[in-house]
Every structure is written in C-alpha cells, then in structure tokens.
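The values are calculated or read from the model by the stated rules, or taken from the named source; none is laboratory data. All figures in this text were calculated on a predicted structure; none of them were measured in a lab. Methodologically, a virtual Cβ is constructed for each residue, glycine included, from the backbone with ideal geometry; neighbour enumeration extends over all protein chains shown.
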C-alpha cells in the first residue's frame, strides 16, 4: 500500500481521490465517529465567513468553487449540487459586492422591493442587499455517498477502523495500526478532522487542532421554491431540492461534546423565522451537531510532519472544510508526489 489516509470525511475522501488520480494506491481508514463534521455540514461552496476574501482559506475556497462542478458531473442530483446563489443580507450591498469581486464572482444589488419580488418567501430587508448568483451548494452527506463509488472505481480501498498509532522505523513511517491490526504504507495522511491530534505522533503543539461544535436545525418537506442561501452575519439558511431547509450554525468551544442544546435550537429557529416567518412557522424536524477541526490562526494544516518522514497532514479546516476540500486535497497530493 502506497498511502494510508486516516479519516473518511470529505477532506479524507477528496485527498484519496487526488492521490489515486496520480496513480497512487490508497487505503482510507474511517473511524465513523459520532459528531463527524461532514454529515452535519450545510455544504455552502463559498467562504461565507471570510468577507475580506484575503484570509488563509480564501484561495482554497476559490479553488473549491471552481472544482465542484467537475467533481459533481454526472452525480449532480445525488450530490445535491445546485446553484441557488447567495443572498447577503447582513452587510451593506457595496461591501458584499467587493467581497464577491475578491472571490471572482458576479454580484447583483437588489432593492428591498426587488428582493421581495424575486424571493416572496423572504421577509423584506431594511436596505439594499447583494445576490451572488453563481454560489453553489451540495448536500455533503449525499455527496459522500455518491462519491464513494468513484473512489472505488479509482481503486481506493475503504475500511472502517479507528487508528490507534503510527508504525515507524526510526523517523520513517511504515504504516498504521488499529489495536492488533496493521496496515503497511510508505506514506500516511492524517485527515481525521477534530480527532487529528488524537494520535501522539500527530499532536504538534505549534499547530494544535481542536474541536468546535457546530449545531444546525432542519425543516423537512418545505416548499422553498427558489429560495437562495441567505447569509446574515454568522447565521445562514440553506434550502435544498429535496425539501429540506437548514438554519445554522453555532460555534462552540465544548471539547468533544456532540450533544445538541435547547438554547441552540431556540436561537437558530428564531433566526430562521426572522427571514422566513411563514415558511418556517412550524417547529424544526431535526437538530444535529458536528465537530469542526479548528486549527491555528494561520489556517489549515496541509503538508508534511516536521520530523517524521512520510507523515502528512490535511486538517484544521474549521468551518470551511467542504468548500476547501478540493484545493486542500490537490495541495496535499503535490506534497506527497512532488
């Protein structure tokens, strides 16, 4: 086995795909932990929390925005790929237009009356708002289900296993182990999200990865029409073609606690009803949480271990994991195959 990828979320899956495209034999080991970030993600293909367009994640987000149409080609409906656009209601339209330009995207300014005409499900905004019509979305859970078949076609092996240690010969990686089972590999990629620092060999004090809980609430079987993604500060609404509408998300420093809370449910429900009072009058049908891997201020950890040869990281993507996954996977593949 050439490379073992530890972690089967969207970062691990796209990393495995990028490596397989380079002719590398890949084994993915997925711990299938409760609270994994990917199934609880909204799937917005835009760096919605980086309004400057200049942050550590911005270039990865631009790469992802361009890459997903190709990744989803032929599986659009299965992956939930849609271009509903992004309506920015939480900042001035001019600021949002500059943000869109930094991301290489078009932008329309809508007056309150025009917004009401275009999106009658929404409450009327108090000022002009910006619509970024090119912004797309996926359903990460469904995307992963569809994309796994492509990995299988590419020869990627996938197995459920909780890795407990790295095999080494001196300072050279030899593979991984899970209990008494071992997998031999010349390279190991740690892409285990919030659990990436759990292995002693992967815990680096200078670039710690820690969990940040994000909660969302969901309504099912909603007739949302052409409702775009709605962004108001650090809150968003996402409507999907299958009739689901999501409101998110919290950002909590609670360690590895994956419980959902009544406070989060109330706050997110109130936000959703602020913008869609009639559409979302009923109580949410579901509430779920995921643990995002928060890295350092410099951004995600993508690259080689400082001291252990053959050990690589692709983690610490925080709230941006879905949109950054294609670019992060491409970068990591270049490190593994210079």
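When the test is whether a residue is buried (at least 23 other Cβ atoms within 10 Å of the Cβ) and within 22 Å of the chain's Cα centre (by Cα), residue 196 passes it. Is it true that residue 239 is farther than 30 Å from residue 296 by Cβ, more than 21 Å from the chain's Cα centre (by Cα), touching a residue at least 12 places away in the same chain (Cβ under 8 Å) and surrounded by 18 or more Cβ atoms within 10 Å (Cβ to Cβ)? No, not satisfied. Looking at 321, 303, 295, 299, which is the one that is within 23 Å of residue 167 (Cα to Cα) and modelled with pLDDT under 95? Checking each option against the conditions leaves just 303.
Just one residue in the set 24, 48 is closer than 20 Å to residue 295 by Cα and either at pLDDT 90 or above or under 14 Å from the mean Cα position of the chain (by Cα) (or both); that residue is 48. Screening residue 11 with (1) at pLDDT 95 or above; (2) surrounded by fewer than 23 Cβ atoms within 10 Å (Cβ to Cβ); (3) touching a helix residue (DSSP H, G or I) at 6+ places or on another chain (Cβ under 8 Å) gives one miss only, at (2).
Given the criteria in a loop (DSSP other than H, G, I, E, B), touching a strand residue (DSSP E or B) at 6+ places or on another chain (Cβ under 9 Å) and either modelled with pLDDT of 90 or more or farther than 18 Å from residue 37 by Cα (or both), does residue 155 qualify? Against the criterion (in a loop (DSSP other than H, G, I, E, B), touching a strand residue (DSSP E or B) at 6+ places or on another chain (Cβ under 9 Å) and either modelled with pLDDT of 90 or more or farther than 18 Å from residue 37 by Cα (or both)), residue 155 qualifies.
Where strands (runs of 3 or more DSSP E) fall entirely within the range 1-105, those with at least 1 residues that are in contact with a strand residue (DSSP E or B) (Cβ under 8 Å, 6 or more places away or on another chain), in contact (Cβ under 8 Å) with a residue 24 or more places away in the chain and closer than 18 Å to residue 334 by Cβ are at 3-6, 26-30.
Residues considered: 260, 254. Of these, the only one that is in a loop (DSSP other than H, G, I, E, B), loosely packed, with under 15 Cβ neighbours inside 10 Å and at pLDDT 95 or above is 254. When the test is whether a residue is within 22 Å of the chain's Cα centre (by Cα), surrounded by fewer than 19 Cβ atoms within 10 Å (Cβ to Cβ) and in contact (Cβ under 8 Å) with a residue 12 or more places away in the chain, residue 150 passes it.
So that you can scan it fast, the table gives a plain yes or no per residue for (1) assigned to a loop (DSSP other than H, G, I, E, B); (2) surrounded by 17 or more Cβ atoms within 10 Å (Cβ to Cβ):
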position: 117; (1), (2): no, no
position: 121; (1), (2): yes, yes
position: 125; (1), (2): yes, yes
position: 143; (1), (2): no, yes
position: 146; (1), (2): no, yes
position: 159; (1), (2): no, no
position: 167; (1), (2): no, yes
position: 173; (1), (2): no, yes
position: 177; (1), (2): no, no
